[in-house]
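Colleague: Let me begin by handing over the structure; questions about it come next.
Every read-out reported here was derived from the displayed coordinates using simple, explicitly stated rules and does not represent laboratory data. In this text the structure is predicted, and so the values were computed from the model without any measurement. So basically every Cβ, Gly included, is an ideal-geometry build from the backbone, and we count neighbours across all protein chains shown.
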Amino acid sequence: MVCKQGGNFDAGAGVYIDGRRGLFVYAVDHWRRNGKVKINEFRPVPASVDPPITAIGRAWVELYDDKHFKDRSVMIDYIDHGQRNYLDYDKVEGFEDKTSSAKWLIPADWQYRLFENKNFKGRMMALNGTGNVSSKSDFGGWNDNVSSSRFGKKTITRISEAGVELYDDRDFKDRRLTIRGGSAAATRLQNYKKLRVEGKRGFGDKVSSARWQIPKGYTYRLYEDHKYRGKSIALVGNGAINEIANFRNRNFNDKVSSSKYS
């Protein structure tokens, strides 16, 4: 017996029943690819769990090719999500621009973020955890738009977890300058013209959109002139993800020349 999505039960197979009486079936590909043999897991998707999960290590997300959880799907487990390249859905079983519905089990303080472009760029939609199984049967305006994805905390409390992303174009597109953590060396940027961003030198007067996650009590400030001078715009932290999709709406498009925490 051969599975359409990969796996030949004649080449190798196995079964496992876990402590919750869930049946897991395994099959392997017949041939090596790049020196590796692919193992496929087939498992039940519960309607609910009791008690709700609190550990991120138990989290999973299943994305479906059609609405109402039909057609093929991709299962993403937190525990081994680093084994696949979710920066680019062309490399995830050809699932680029295919997702139309989803089910997920994620702790209440985490979420799974879906992006419309590769490399976590473009618009973002969050699948928020509740600790129990959640679902979205029809992605509506997000249908067939997912190109990359990743897990993230809903709210952060430590400055070491902070991140600011500044984009060359509106709607979080084109080149991206990423500023992580809270150390002065990493976050005090006094002249954007000298920065190299995604292989190209110069980011002065380029910023058109921003996405940030900063703990409550901290503010990252963008300045119009180098060395932290001139007019500024504040990216205020509240622990959650925040966005400005178009700096024209703040009369600050293509004006950022330096930045730091204030």
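Colleague: Taking the Cα atoms of segment 192-262 alone, what are Rg (to one decimal) and Dmax (as a whole number) in Å?
Modeller: 12.1, 34
Colleague: Loop only per DSSP, at most 15 neighbouring Cβ atoms within 10 Å: give me the GluC sites (Glu not before Pro) in segment 148-232, ordered by residue number. Mind dumping the intermediate values first?
Modeller: Numbers: sites: E161, E165, E198, E224; in loops: E198.
Answer in residue order: E198.
Colleague: I've got another one for you. Could you list, in their original order, any pairs among K70/K121; K36/K136; K98/K216; K154/K193 whose Cα atoms are separated by more than 29 Å?
Modeller: K36/K136; K98/K216; K154/K193
Colleague: Right, next: Using the Cα atoms of the chain to build a convex hull, what is its mean projected area in square nanometres?
Modeller: On the way: hull surface 64.6 nm².
So the Cα hull casts an average projection of 16.1 nm².
Colleague: Going highest first, how would you order 8-16, 225-233 by mean Cβ packing within 10 Å?
Modeller: Working: 8-16: 12.7, 225-233: 14.6.
Averaged packing, sorted descending, gives the order 225-233, 8-16.
Colleague: Separate question: At a 10 Å Cβ-Cβ cut-off, how would you order V49, V256, fewest neighbours first? Walk me through the numbers on the way to the answer.
Modeller: Values: V49 13, V256 25.
With the fewest neighbours first, V49, V256 line up as V49, V256.
Colleague: Continuing with the same structure: Sequence gap at least 6, Cα distance under 8 Å: using those rules, report the relative contact order of segment 159-261 to the nearest whole percent. Before the final figure, lay out each step's value.
Modeller: Numbers: 273 pairs, mean separation 32.0, N = 103.
So the answer I get is 31 percent.
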